[in-house]
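Here's the structure we're looking at; comments come further down.
Just so you know, all these numbers are worked out from the coordinates, no wet-lab data involved. Predicted, not measured: the structure shown is a model, and the values here were computed from it. Heads up, the Cβs are rebuilt from the backbone with ideal geometry, glycines too, and the neighbour counts pull from every protein chain shown.
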Amino acid sequence: MSESTEKTRSGSGSARLIVTIAWAAVLGVQFVIWLLMCLISMSFKWPFWLWTLGGGVIVLGVWWSLDRRGSGNGSE
């Protein structure tokens, strides 16, 4: 039974890592688009990518913390 639990945690860690990388990539693309918009128009535009940054930090922070708590309980 512990082997299946370890595999599940490993799969969850992989999924979490993939989602984190995808979120960072999307955020990077949004930042580059925003920067180009500011440079081309020669004016400061509101940084719309902050919504992605804030939402992602909250969601991924909760996910990472819940996964750490879950892995800590199973090792006892």
remark   = Result of the Cβ filter at 7 Å on region 12-40, keeping first residues that are touching a residue at least 12 places away in the same chain (Cβ under 8 Å) and closer than 22 Å to W64 by Cβ and partners that are in a helix (DSSP H, G or I) and hydroxyl-bearing (S, T, Y), at least 6 apart or interchain, is V26/T52; L27/T52; Q30/T52
Those residues of region 14-52 which are in contact with a helix residue (DSSP H, G or I) (Cβ under 8 Å, 6 or more places away or on another chain), aromatic (F, W, Y) and surrounded by 10 or more Cβ atoms within 10 Å (Cβ to Cβ), in sequence order = W23, F31, W34, F48, W49
